[in-house]
Amino acid sequence: MLHAEGPLLTVDVGDRTATETTIDETLETAVGGRAVATALAHERIPFDADPFGPENRAYLAAGPLQQSSMSFTGRMNMTGLSPLTDGLVSTNAGGYLSRNFVGTGISVLELAGESDELLAVHVTDQGVEFEEVPELEGATVPETSDYAAEHHDLGPDNCIAIGPAGENRVRFASVMTFDSRAFGRGGLGAVLGSKNVKCVTFQGDSAPPVEIPDPPEMDVHREAAQSDDRMRRQGTTGGTEFINDNFSLPTRYFREYEFEDADGIGGNAVEEKKYKKGACSACAYACKLPTRDEESGVETEGPEFETVYAFGSSQGVGDIVDVMKANELCDSLGMDTISAGVTVAAYLDSVDEFGNAELAREVTEQIAFREGIGDTLADGVDRCHDELGVDNYTVKGMEFAAHDGRVLHGQGLSYALANRGADHMYAGMLSLEYSGELDPDGTLGKAERLVQEENASAFRDTGIVCAFGSDYVTDERLETLFDADYETLMEIGARTVRLERHFNNQRGFDRSDDGLPYEIPDLGAAIEEYYEARGLTDDGVVPDAAVESIAPSAD
Ligand code: SF4
């Protein structure tokens, strides 16, 4: 089976040591990316760890395809204990980091410990250097990239970095790469902040050899380059109007299901502001959205659909330029646009100011610096909704993505059960329900499919293949690429989901954490169907006997 190559590099920023560990057996069993990172996290982060403590660890991992010339592979995975959900999260970002990362010769970076001083960590194929960077305290993400360029001749494609939000332990702070691509969900930026790590750079020419089968490598690339999908012009925003027409665009903090100004923030509005093509490394599909507004001078990359929802419909804001400004602010300050936008929407609800985009930006900035009301909001809706006097639209502490589970009931079931909470990338139920392959009404009988979709997403995050490439990197092509049958690949995904849930169970997660803040039909019975399909106890717990250790311990 094809798998990533290279050692695990453990960087302890507390004692400033770097140690390489051979993890060949783990890679042979779990391939790379999310599966390997989850196996390591399960084995090496204590079950009772404080997300902000030195005992928490953050894992940055590539899969074997990050060495290919194939489209849909310009992505990386990060895993760690989330300060937002208090459970294990994995999050995935594009950009141009992946090839520089594998050039250092490692398969996984593990960040451990806690530094006394703000640090830049430089990883090369020659070793690791620690640089104290007190001058970067409070710096934005682009300012941090400028520093790496000026002092080390490196680009934003060599870096992961946090902004002020990460330093200030905002619970939904992101880790950024290429200035505009976010390891967004779950607050791993705050984990780096708690370790006093401002940025990590990667540089080298020592990628271990990995033989990628061709075909399908170049076939995928050619088909991606020739595609006339709307997504190539409008990215993820291309579906905004369709989603709105399906009453699944939450509006004014979940008060409504459709937004009267969706046209003003949707795919056509974004395309009008797009001034050039954007991509991730090696990807000819190029669905990214560099946008510019000549009148205001704002320039950003995106907004993606979820930002259009979080800072647009969710806040009652119908002007794409306002959403672009908020997108740029979040990228620069280093915050997940979904959690930040929904949290600001909750605040606008509490002060009856829906539609006030200027206030929204002011509060967004306050969150990153934990100033005024921002200090309260920086902990997320789950922790601050009582103080605001609004409903708690979260699952496991995570703010909802769009794609309203009150309308797409299978997606609602996914939100209720996902180990990382109310996130839309955990399983692809929404696509099945939009396309009509599954009837959006009802939850019963959908559990088996949900399990399959979770496993498939977990494996694609392992390979690593972009979620938008499934029409090109088909299941059959995955079998050829990885030289394994589909069931074997899906078992790798299943083990990953199982390890996440087992880890969370050890922290006290159980049946009471699976659910929704609103009612959908037969949710309780559908949850029971899922437990059975997943092999869980009636209380939503993974039996210890179902968990095997496939990673070396930290001792
Ligand atoms: S499809 Fe889009 S998001 Fe995915 S790798 Fe290609 S450019 Fe990046």
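The values are calculated or read from the model by the stated rules, or taken from the named source; none is laboratory data. Computed from a prediction, not measured in an experiment: that's the story for all the values here. Here the Cβ is made from the backbone with ideal geometry for all residues, glycine too, and neighbour counts use every protein chain on show. What goes into the accessible areas is simple: the full protein's heavy atoms, side chains included, and nothing from ligands, DNA or RNA. Shrake-Rupley method; radii C 1.70, N 1.55, O 1.52, S 1.80 Å.
Among the residues making up the stretch 191-222, those that are touching an Asp or Glu at 6+ places or on another chain (Cβ under 7 Å) and among the hydroxyl-bearing types (Ser, Thr, Tyr) are Ser194, Ser206.
Is it fair to say Glu117 is open to solvent by 20 Å² or more (accessible area, probe 1.4 Å), more than 16 Å from the ligand (Cβ to nearest atom) and in contact with a strand residue (DSSP E or B) (Cβ under 8 Å, 6 or more places away or on another chain)? Here the answer is yes, as Glu117 does meet what is asked. Scanning the stretch 224-267 for residues that are in a loop (DSSP other than H, G, I, E, B), within 16 Å of the ligand (Cβ to nearest atom) and open to solvent by less than 40 Å² (accessible area, probe 1.4 Å) yields one hit, Ser227. The set of residues in the stretch 298-326 that are buried (at least 24 other Cβ atoms within 10 Å of the Cβ), under 18 Å from the mean Cα position of the chain (by Cα) and not in a loop (DSSP other than H, G, I, E, B) comprises Phe305, Glu306, Thr307, Val308, Tyr309, Ala310.
Yes/no per residue for (1) in a loop (DSSP other than H, G, I, E, B); (2) open to solvent by 20 Å² or more (accessible area, probe 1.4 Å); (3) assigned by the TED database to the domain that holds Arg75:
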residue	(1), (2), (3)
Arg169	yes, yes, yes
Asp179	yes, yes, yes
Ala182	no, yes, yes
Gly186	yes, no, yes
Leu192	no, no, yes
Lys198	no, no, yes
Pro209	yes, yes, no
Ile212	yes, yes, no
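Of the helices (runs of 4 or more DSSP H) entirely within the stretch 380-484, those holding at least 1 residues that are open to solvent by 30 Å² or more (accessible area, probe 1.4 Å) and closer than 29 Å to Met335 by Cα occupy 381-388, 429-435, 447-463. If you filter the stretch 273-297 down to residues that are outside any loop (DSSP other than H, G, I, E, B) and of a type in the set (D, E, K, R), you find that the one that is nearest to the ligand (Cβ to nearest atom) is Lys288.
The lone criterion from (1) surrounded by fewer than 24 Cβ atoms within 10 Å (Cβ to Cβ); (2) without any contact (Cβ under 8 Å) to a residue 60 or more places away in the chain; (3) of a type in the set (S, T, N, Q) left unmet by Ser281 is number (2). Of all residues being assigned to a helix (DSSP H, G or I) and touching a strand residue (DSSP E or B) at 6+ places or on another chain (Cβ under 7 Å) in the stretch 39-65, which is farthest from Asn419 (Cα to Cα)? Just the residue, please. Among them, the one singled out is Leu40. Cβ-Cβ below 8 Å, separation at least six or inter-chain, first residue in the stretch 286-315 and closer than 10 Å to Val270 by Cβ, second modelled with pLDDT of 95 or more and among the aromatic types (Phe, Trp, Tyr): which pairs? Final answer for the pair search is Thr291/Tyr275; Pro303/Phe311.
The residues on offer are Arg75, Arg57, Arg44, Arg16, and the sole one that is basic (Lys, Arg) and within 16 Å of the ligand (Cβ to nearest atom) is Arg75. Taken over the stretch 457-484, the criterion of being farther than 14 Å from Gly33 by Cα and among the basic types (Lys, Arg) is satisfied by Arg477 alone.
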